[in-house]
1. If I model a spin label as a point 7 Å beyond the Cα along the Cα-Cβ vector, how far apart are those points for residue 134 and residue 161 in nm?
2. Assuming 0.36 nm per residue, please report the length gained on full extension of the stretch residue 44 to residue 141 beyond their Cα-Cα distance.
3. Arranged by the count of other C-beta atoms within 10 angstrom, fewest first, what order do 52, 34 take?
4. Between residue 28 and residue 4, what is the label-to-label distance in nm when each label sits 7 Å out along the Cα-to-Cβ direction?
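Derivation of every value follows stated rules applied to the coordinates shown; laboratory data play no part. A quick note: this is a predicted structure, and the numbers were derived from the prediction, not measured. Here Cβ is always computed from backbone atoms with ideal geometry, including for glycine, and neighbour counts include all displayed protein chains.
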């Protein structure tokens, strides 16, 4: 790529990020946004079954570091994944974190432990940009895009990829 092409890409991206409001007629996505190790991430609300505070997370011997353990959700045993570890962030033992329960194709699949829930927003799909090429490879394979929310840049996660916990995570 030439310098001019790179400048044009960065200019186009800055223009899209500078948008503040979506038009009423634009296609929108409802996204739950949460904090994780000081960063902001989001998931399409269609992939979220619920958010709950577990009574207990039971560790599973021999599981990858990103697997915190399992918990009981009204009779269903749910694997709880430390999302920070799965994304290559520092592994935290966050006792105040809350699992976001993922559901893909109508079935509960796993709980993703996040630091805090920041809210649910309707985001115009036109404001979602592809992830930057400079993002860490581990994070990039879990991201479908990025969007601006107030003064924060939020990484939009791929729910299906989050379930692939690697041994080195």
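1. Each label point is offset 7 Å from its Cα along the Cβ direction, giving 1.9 nm.
2. Fully extending the segment from residue 44 to residue 141 adds 33.3 nm.
3. In order of increasing Cβ crowding within 10 Å: 52, 34.
4. Going from the residue 28 label point to the residue 4 one covers 4.1 nm.
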